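The values are calculated or read from the model by the stated rules, or taken from the named source; none is laboratory data. None of these values were measured; they are calculated from a predicted model. Cβ: placed from backbone, ideal geometry, glycine included. Neighbour counts: every protein chain shown.
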Amino acid sequence: MYVIAAGGWHSLALLNDRTIVVWGLNICEIMPELGKKQAIQVAAGSTHSLALLNNGSIVAWGSNTYNKITLPDLGKKQAIQIAAGDFHSLALLDDGSMVGWGSNAYNQIAIPDFGEKRVIQVAAGGCHSLSLLDDGSIVAWGRNDNRQCNPPDFRGKRVIQVAAGCFHSLALLDDGSVVDWGSNAYKQCDLPDFEGKFAIQIAAGNNHSLALLNNYTVVVWGLNSYGRCDPPNFGNRQVIQVAAGGRHSLALLDDGTVVGWGYNNYGQCDPPEKQFLVPFSMIKSSIKN
């Protein structure tokens with residue numbers, strides 16, 4: 001359950017009462033009314049945002065370029081996960097199928113046939129899409145000029161999470177290792193040494209990557225302009241979730257605060273002083289045995 005999200009120029013997070021707070025680019029702060037519904041997940045694209053509600057519906061706001069906030073009709077199906085790319089959006093439905101909307105310039109919303117396999121997680125990048133299937137394999141489609149849609153051989157290991165950047169992709173494996181592929185122009189695919197630790201969550205920004213490790217510290221690599229790869233000192237607090245935006249990064253701490261770093265031209269690294277939702281159950285379920 002992702003309760004923080006970093007977009008191109010904005011950030012958003014869930015509060016304890018399941019309402020949403022947005023900060024950064026003004027166009028992304030104009031939210032629709034949720035009524036009595038509660039948000040259970042958020043996602044951020046370049047200039048648009050998504051929220052998954054507790055009745056399985058989706059709300060979207062921000063720029064509607066390429067119709068990226070013009071939601072499709074889900075019929076009687078309910079969404080169970082959402083993802084936002086630069087110019088497109090994806091949703092995983094309760095029957096294991098997917099829908100996509102927004103730009104299709106690179107066929108990034110042309111959902112492939114998964115056969116009898118079910119999709120269990122989706123990720124949206126710059127102009128490409130990833131799906132994690134129930135057998136631990138990955139299917140990728142869309143823009144592929146940097147081979148961001150060509151996952152490597154995982155040598156029998158299962159993938160448990162995927163993340164998509166602008167021109168690169170990441171996979172978290174069941175042994176806590178991370179694999180990345182695609183553009184390495186800014187070393188965003190040069191994995192650092194985890195020094196005996198293993199990853200429990202990953203995130204991909206435009207040209208940088210993040211991993212949350214099992215000691216609840218953060219490792220960041222890739223393009224380091226504006227300090228996006230230099231996480232601050234979190235003191236005695238533990239990081240329990242990370243998010244990567246266009247040129248900035250976010251961390252949710254165990255006391256319910258959010259910390260941002262990197263490019264801050266619209267205040268996207270300056271979260272309000274509020275109590276954010278702390279999803280301990282997600283972290284516990286992610287740690288390898």
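Inclusion of residue 191 among residues that are on the phi < 0 side of the Ramachandran plot, of a type in the set (A, V, I, L, M), modelled with pLDDT of 95 or more and more than 18 Å from the chain's Cα centre (by Cα) is warranted. The residue list 51, 84, 60 contains one member that is aliphatic (A, V, I, L, M), closer than 17 Å to residue 121 by Cβ, crowded, with 17+ Cβ neighbours inside 10 Å and touching a residue at least 12 places away in the same chain (Cβ under 8 Å), which is 84.
Are any residues in region 1-45 among the small types (Gly, Ala, Ser), in a strand (DSSP E or B) and closer than 19 Å to residue 202 by Cα, and if so, which ones?
Our first condition is that a residue be among the small types (Gly, Ala, Ser); within region 1-45, this holds for 5-8, 11, 13, 24, 35, 39, 43-45.
Then keep just the ones that are in a strand (DSSP E or B); that gives 5-6, 11, 13, 24, 39, 43-44.
Within region 1-45, 5, 6, 11, 13, 43, 44 meet the criteria.
For region 32-46, the set of residues classified as at pLDDT below 95 and either buried (at least 21 other Cβ atoms within 10 Å of the Cβ) or touching a Gly at 6+ places or on another chain (Cβ under 6 Å) (or both) is empty. Within region 149-161, is there a residue that is crowded, with 24+ Cβ neighbours inside 10 Å, outside any loop (DSSP other than H, G, I, E, B) and touching a residue at least 40 places away in the same chain (Cβ under 8 Å)? Checking region 149-161: not a single residue is crowded, with 24+ Cβ neighbours inside 10 Å, outside any loop (DSSP other than H, G, I, E, B) and touching a residue at least 40 places away in the same chain (Cβ under 8 Å). Note on region 204-223: among residues that are in contact (Cβ under 8 Å) with a residue 24 or more places away in the chain and polar (S, T, N, Q), the one that is farthest from residue 186 (Cα to Cα) is 214.
The residue pairs whose first member lies in region 103-131 and is farther than 16 Å from residue 182 by Cα and among the basic types (Lys, Arg), whose second member is in a loop (DSSP other than H, G, I, E, B) and modelled with pLDDT of 95 or more, and whose beta carbons are closer than 7 Å, counting only pairs six or more residues apart or on different chains, are 117/134; 117/135; 118/134.
Is region 165-173 home to any residue that is assigned to a strand (DSSP E or B) and closer than 22 Å to residue 93 by Cβ? Within region 165-173, none of the residues are assigned to a strand (DSSP E or B) and closer than 22 Å to residue 93 by Cβ. Just a yes or no: is a residue in region 20-31 under 20 Å from residue 271 (Cα atoms), in contact with a Phe, Trp or Tyr (Cβ under 6 Å, 6 or more places away or on another chain), crowded, with 23+ Cβ neighbours inside 10 Å and in contact (Cβ under 8 Å) with a residue 24 or more places away in the chain? Yes, some residue in region 20-31 is under 20 Å from residue 271 (Cα atoms), in contact with a Phe, Trp or Tyr (Cβ under 6 Å, 6 or more places away or on another chain), crowded, with 23+ Cβ neighbours inside 10 Å and in contact (Cβ under 8 Å) with a residue 24 or more places away in the chain.
Filtering region 46-68 to residues that are over 12 Å from residue 82 (Cβ atoms) and not in a loop (DSSP other than H, G, I, E, B) leaves 61, 62, 65, 66, 67.
Out of curiosity, is residue 252 free of Cβ contacts under 8 Å to residues at least 40 places away in the same chain and either touching a Pro at 6+ places or on another chain (Cβ under 7 Å) or part of a strand (DSSP E or B) (or both)? No; evaluated as a whole, the condition is false for this residue.
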